[in-house]
Amino acid sequence: MRTQRLTSLAVTFAVLLAAVPAGAADGKAVYEAICINCHGPDGRSDTKKGKALKAPNFLEEKKLVGTPDAVAAFVKQSVREKKKHKQISPKVNDEELAAVAEYVRVLVSAGGK
């Protein structure tokens, strides 16, 4: 009986691990590590650095309200092409940017909360 439970637990754990892609980026963690200094915890860019760089308030950016693919494309383009992001761009890969885009999309839809 105990062996059956352990086997069942091991199989359940293996299934859960298989459901999460290896290396899947955590959008919130990447945002907090790289973006928060300028864009702030709520996306309003109400930080000293954000104000100095005139970073946009995400809650007022209409392109962050679209579909997940559209938001991901906008975030990727912004990070890869804007001069303000030249130091950040090499630090993040496209998977991480997509995860950040989804986090920001949800943040914006929740009003920055």
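Quick note: the coordinates plus some simple rules give every number you see, no bench work behind them. Bear in mind that the values here come from a model prediction, so they are computed numbers and not experimental data. Cβ placement follows ideal geometry from the backbone for every residue including glycine, while neighbour counts extend to all protein chains displayed.
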Using distinct alpha-carbon pairs, which all enter the 1/r mean, Kirkwood radius of the range 25-109 in Å: 12.5
Trypsin sites (Lys or Arg not before Pro) lying in DSSP loop within the range 24-99, provided at most 13 other Cβ fall within 10 Å: LYS54, LYS82, LYS86
Table column - 3J(HN,Hα) (Hz), the range 78-93, Karplus curve with 6.51, -1.76, 1.60, x for Gly and Pro: 4, 6, 6, 10, 7, 4, 4, 9, 4, 7, 8, 3, x, 7, 10, 9
